[in-house]
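Working notes, beginning with the structure itself.
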Amino acid sequence: VFIAMVLVAAIAAGVLINTAGFLQTKSEETGQQSGQQVTNRLQVTGSTGTHLNAEEVGVINMTVKKSPGASNVDLENATVQWVGPSGTYNLVNASVNAAGADGHFGIIAFKDSDDSHPVLNDPDDRMVMVFDLGDDDVNTDDGATSDKYFGDAVPEGASINVKITTKSGATTTEQLTVPETLSGSSAVQL
């Protein structure tokens with residue numbers, strides 16, 4: 001009886017040790033993923049509207065950098081939820097083929113000393129996310145936005161809500177507002 005009790009206790013101890021190791025591994029993974037959701041965010045440093053026709057903005061350029069403390073952020077794997085006057089659109093990068101996407105955005109390197117495009121791997125890196133609205137206003141050699149337009153051009157005084165989600169799940173929300181009058185301008189700050 002004593003030997004049977006020792007064997008049962010040894011087996012139970014082994015199971016408990018394996019379970020504890022498994023739970024520790026899972027909790028470490030969960031902690032890392034939660035940390036990445038908080039830190040791997042983007043910061044929008046500026047937004048401009050171009051390709052103005054009549055009283056509408058046809059192209060919006062958002063310059064982004066990685067937030068302090070963020071790991072490398074690959075914009076190719078980012079998704080964007082665009083909410084504007086013409087509707088809501090779920091967007092992916094122009095190089096990604098996603099059947100459920102409503103449109104695409106382009107990425108142009110603005111400041112990238114180590115040529116890591118489209119990855120922000122340095123606090124000094126800057127990339128421009130290009131959103132072509134309405135008609136095909138932008139046609140670049142690198143395929144950043146060629147034939148990747150969506151929705152309608154944004155009228156004067158309208159607001160757009162842009163939510164960028166990185167691969168790790170970190171989100172950045174930016175509210176853009178088109179000025180009340182565009183007359184005489186070739187580009188506007190949003």
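Tell me, what is the FRET efficiency for Asp135 and Lys167 to the nearest 0.05, using R0 = 30 angstrom and their Cβ-Cβ distance as r?
The value I calculate is 0.45.
Which whole-number value in Å² is the accessible area per residue of region 38-190, probe 1.4 Å?
Each residue of region 38-190 exposes 47 Å² on average to a 1.4 Å probe.
Classify region 1-88: rounded, prolate or oblate, from the alpha-carbon gyration tensor (a ≥ b ≥ c, eigenvalue square roots; a/c under 1.5 rounded; otherwise prolate if a/b is larger than b/c)?
prolate
Report the FRET efficiency, 1/(1 + (r/R0)^6), for Ser116 and Gln81, where r is their Cβ-Cβ distance and R0 is 22 Å, rounded to 0.05.
0.30
Residues in region 119-136 near a label at Ala98, defined as backbone nitrogen under 16 Å from the 7 Å Cα→Cβ point?
The answer is 129-132.
Run the dipole for the chain about the Cα centre, Lys and Arg Cβ at +1, Asp and Glu Cβ at -1, nothing else charged, and hand back the magnitude in debye, nearest 20.
1120 debye
Run the Debye formula on the Cα coordinates of the chain, all scatterers equal and no solvent, and tell me log10 I(q)/I(0) at q = 0.10, 0.11, 0.12, 0.18 1/Å.
-0.48, -0.55, -0.62, -1.18
When the helices in the chain are scored as -39500 (n - 2.57) per DSSP H run of 4 or longer and the sum is shared across all residues, what 222 nm value do you end up with, to the nearest 500 deg cm²/dmol?
Value at 222 nm, helices only: -7500 deg cm²/dmol.
Taking a cut-off of 27 Å between Cα atoms, list the lysines near Lys26, but don't count ones fewer than 8 places away on the same chain.
Once the sequence-local lysines are set aside, what remains near Lys26 is Lys167.
Return one number: the angle in degrees, 0 to 90 and rounded to the nearest 10, between the long axis of the Cα atoms of helix 2-39 and the longest principal axis of the Cα atoms of the chain.
10 degrees
Pop the C-beta distance of Asn72 and Ala20 into the FRET formula with R0 = 35 Å and round what comes out to the nearest 0.05.
Once the sixth-power term is evaluated, E becomes 0.60.
With a 1.4 Å probe and all protein chains left in place, how much of the accessible area of the chain comes from carbon and sulfur atoms, in whole percent?
Accessible surface attributable to carbon and sulfur in the chain totals 51 percent.
The values are calculated or read from the model by the stated rules, or taken from the named source; none is laboratory data. Here the structure is a predicted model, which is why all the values come from computation and not from measurement. Backbone-built Cβ (ideal geometry, glycine too); neighbour counts: all protein chains shown. Quick note on the areas: whole protein, heavy atoms, side chains included, nothing else; ligands and nucleic acids left out. Shrake-Rupley method; radii C 1.70, N 1.55, O 1.52, S 1.80 Å.
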